[in-house]
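Accompanying notes for the structure given below.
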Amino acid sequence: MEIAVHPGLASLDQGYLFEQIAEEITAFQKEHPLSRLISLGIGDVTRPLTPVVAEALAAAAAEMATESGMHGYGPAAGYPFLRKAIAESYSGLACSIAPEEVAVTSGGKEALGAVLSLFDPAIPVWVCEPAYPAYRDCAGCAGHPVQALPCRVEDGFLPKPEAVTEPGIIILCSPNNPTGAVLTAADWQMWVSFAIKSGSLLLTDSAYAAYCTDPMLPHSVYAIPGADRCAIEIGSFSKSDGFTGLRCGWVVLPRACVCACAPAQERQPLLRHWMRWLGCHSNGVSYPVQRAAEAALSPIGLQQREKALRIYRRNAASLEQFFTAAGLPHTGGSHAPYLWVQCPNGDSWGWFRMLLATCGVIVTPGAGFGAAGEGWMRFSAFGRPEDTAEALRRMEPIFRRSTREENE
Ligand code: PLP
């Protein structure tokens, strides 16, 4: 007998983007051990945990070192205190969210893979091009056919429902990684109406919602009436509260959401299937991490989070000014910690290698976000301010408008 891997896994192309980048950086660093590289590449945070989060983490660990405060396996969907805190963070929206409709996960990426494996693999998953590469990979791993949802520069990198030619699962991320594009209330309304009419399901990713500074822009799909019938939302504490190393996120699966893609006789609340899935795949996220996440959502936690976000926003503003002065087309930066910048005549891996070799600056080649990302590169605002400033100094001669125009 030959043991074969899951065909979905076998069908994945090349390596995962960030692993490929890491390999090239390691090889470069081996050859140039003295060069100090600055990363404006991978989307990891650099600010430390906020005091209130660190205190909650330490207090929970100390509690677990007592006879009465020991916690063993936790509930698969998370402790009630955190499910309630997350549900309350949605208060005031058109669709109210109950704690029972929230499940705590160990991050957004795990949640994505878990949610996509709930559905009949025959159902297509519509993925924006360009997009966070895990969407395509997780859908492929779960065996779904992946369909491209083009996001064109002339549409501000926003997808259009007209491109969806058959019902399926549509993944939307706003503010977007990598383009920084943001859906307005009218855009969300258009997608919710389309999903209900076509029998599709929206899978929305709010990982960067905290970066949105315009109160008129919805932070969640549930700001739109009817979204509870057609949308599952994934959230994360990673980028808002520095949890990339702690690991905590969530899934909202409203009770009103039935499996619109399943045959009529199977129509049941998806929530039941989801809880059943969680029960057999998870023993919950650790108690100290859930206490830390609860602290992040407390009034003082929300205040302290702003301090870190302000620093990232200032980095984004410097990047924005730099590329405006350089006269290069770019998007993002205003409501997202990323700048999406057009490569001046050249392929994006070529620019990645050139900036690494000549400036010691790491960026993310747009081609890694799908074929539509070719010709663009992503700059992250997550670096330390002094590193971001130094990277801009090093890159100035290359991007200076006059030098570029001479070379063009
Ligand atoms: N969604 C988007 C768009 C992301 O960029 C990321 C991480 O970079 C995630 C989700 C996953 O975040 P995490 O698994 O750390 O919660």
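A few comments on the model shown:
- Ordered by the number of other Cβ atoms lying within 10 Å of each residue's own Cβ, fewest first, Arg229, Arg83 fall into the sequence Arg229, Arg83.
- On Cα atoms only, tilt of 270-281 relative to the major axis of the chain in degrees: 80 degrees
- Site pair Met64 and Gln268 shows an inter-label distance of 3.3 nm when each label is modelled 7 Å from Cα along Cα→Cβ.
- Considering only Leu253, Leu203, Leu270, the Gaussian network model of the chain with Cα springs below 10 Å gives its largest mean-square fluctuation to Leu270.
- Only alpha carbons enter this Debye calculation for segment 150-193, each as an equal point scatterer, and the log10 of I(q)/I(0) it gives at q = 0.13, 0.19 Å⁻¹ is -0.27, -0.59.
- Segment 107-174: C-alpha gyration tensor shape, a/c 1.5 cut-off, then a/b vs b/c: oblate
- Of the cross-linked pairs Lys160/Lys307; Lys109/Lys197; Lys239/Lys307; Lys84/Lys239, those separated by over 25 Å at the C-alpha level are Lys160/Lys307; Lys109/Lys197.
- Computed P(r) (all Cα pairs; segment 135-289; 5 Å bins; percent): 2, 8, 15, 21, 22, 16, 10, 5, 1, 0
- With contributions of -39500 (n - 2.57) from each DSSP H run of at least four residues, the per-residue ellipticity at 222 nm computed over the chain stands at -12000 deg cm²/dmol.
- Stretched out straight at 0.36 nm per residue, the stretch from Glu166 to Ala98 would grow longer than its current Cα-Cα span by 21.3 nm.
- Shape class for segment 273-337: oblate, because the ratio a/c of the largest to smallest gyration tensor axis (alpha-carbon atoms, square roots of eigenvalues) is 1.5 or more and b/c is at least a/b.
- Its convex hull of Cα atoms gives segment 206-303 a direction-averaged projected area, equal to a quarter of the hull surface, of 7.9 nm².
- Rh (Kirkwood; distinct C-alpha pairs) - the chain, Å: 22.2 Å
- Per-residue Cβ neighbour counts within 10 Å put Glu396, Glu386 in the sequence Glu386, Glu396, beginning with the fewest.
- Rounded to whole Hz, the Karplus (6.51, -1.76, 1.60) HN-Hα couplings of segment 380-387, x for glycine and proline: 9, 9, 7, x, 6, x, 5, 6
- Net charge of the neighbourhood of Ala210, taken over other residues with C-beta under 12 Å away and scored Lys/Arg +1, Asp/Glu -1, is +2.
- Shape of segment 84-213, Cα gyration tensor, a/c cut at 1.5: rounded
Since every read-out is calculated from the coordinates, none of them should be taken as a lab result. This is a predicted model, so every value here is computed, not measured. Methodologically, a virtual Cβ is constructed for each residue, glycine included, from the backbone with ideal geometry; neighbour enumeration extends over all protein chains shown.
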